[in-house]
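The values are calculated or read from the model by the stated rules, or taken from the named source; none is laboratory data. Here the structure is a predicted model, which is why all the values come from computation and not from measurement. Here the Cβ positions follow ideal geometry from the backbone for every residue, glycine too, while neighbour counts run over all protein chains shown.
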Amino acid sequence: MTISTEDHERITSAIRSAEEKTSGEIVCVLARVSSHATVFPVFIAAMVALLAPWPLVAFTAMPVLRILSVQVILFIVLLTILCIPAVRVALVPRRARRAIAYRVAMEQFINRGIARNADRCGILIFVSLAERYARIIADDEIAKRVPQSRWQAAVDALIAHAREDHVADGFIAAIELCGKELAQHFPPTRDSRGKLPDRLYVI
């Protein structure tokens, strides 16, 4: 999956257009994978490498040095395979994948400055591709007025477009839906524009 320069420009334009009608801020983040920090590949490779010498000792006359070499090579090969992003993500249980992706989304919410907005009326539109996870996180003032369920249509649009490998279109559809929701509760003010960058962050 690639996001072209044109896609970035379309998303930026959609954010600007939506924010013209509201004092709310919209930030978009696309994570290729959220499960970077999982230790499952190392754990599995280490366990297999530790167990491998026993049948070799029991059923062969292989020298100890060669057995140790097999052990090291097996560990390196397994770790290389298990660290392939698609394989690494598949090793993590679905519930754990969603929890990890949610944690990354919350980190992005803070890191991108949404939580520092004095008006407390910003939202994060977050997608993690490898985990097949999409989430919209609203700041305090928005959460008081708009229930989380109202963002579901935008999440559904994100997921539907992502399945067809049209992630940029998914973001644009979500931005438009979120913008309409924000405009109902947070009309534009004189100094409401330009507090946060209008762009898609790819991590």
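Just a few scattered comments:
- Residue in the stretch 132-146 that is over 23 Å from Asp198 (Cβ atoms), of a type in the set (D, E, K, R) and crowded, with 19+ Cβ neighbours inside 10 Å present: no
- When the stretch 102-120 is filtered for residues that are modelled with pLDDT of 90 or more, buried (at least 17 other Cβ atoms within 10 Å of the Cβ) and either among the β-branched types (Val, Ile, Thr) or under 10 Å from the mean Cα position of the chain (by Cα) (or both), the ones remaining, listed by number, are Tyr102, Val104, Ala105, Gln108.
- Within the stretch 134-153, residues that are under 17 Å from Arg116 (Cα atoms) have Cβ atoms under 8 Å from residues that are surrounded by fewer than 16 Cβ atoms within 10 Å (Cβ to Cβ) and aliphatic (A, V, I, L, M) in these pairs: Ile137/Met106; Asp139/Ala115, counting only partners at least 6 apart in sequence or on another chain.
- Residues satisfying the stated conditions in the stretch 160-185, i.e. surrounded by fewer than 18 Cβ atoms within 10 Å (Cβ to Cβ) and within 16 Å of Ile3 (Cα to Cα): Arg163, Glu164, Asp165, His166
- Residue match in the stretch 108-128 (condition: in contact (Cβ under 8 Å) with a residue 40 or more places away in the chain and either acidic (Asp, Glu) or touching a His at 6+ places or on another chain (Cβ under 9 Å) (or both)): yes
- Per-region count, the stretch 21-71, residues among the small types (Gly, Ala, Ser) and outside any helix (DSSP H, G or I): 8
- Neighbours by Cβ (under 8 Å, 6+ apart or cross-chain): first from the stretch 35-57, modelled with pLDDT under 90; second crowded, with 16+ Cβ neighbours inside 10 Å and in a loop (DSSP other than H, G, I, E, B): Ser35/Val92; Ser35/Ala130; Ser35/Glu131; Thr38/Val92; Phe40/Val92
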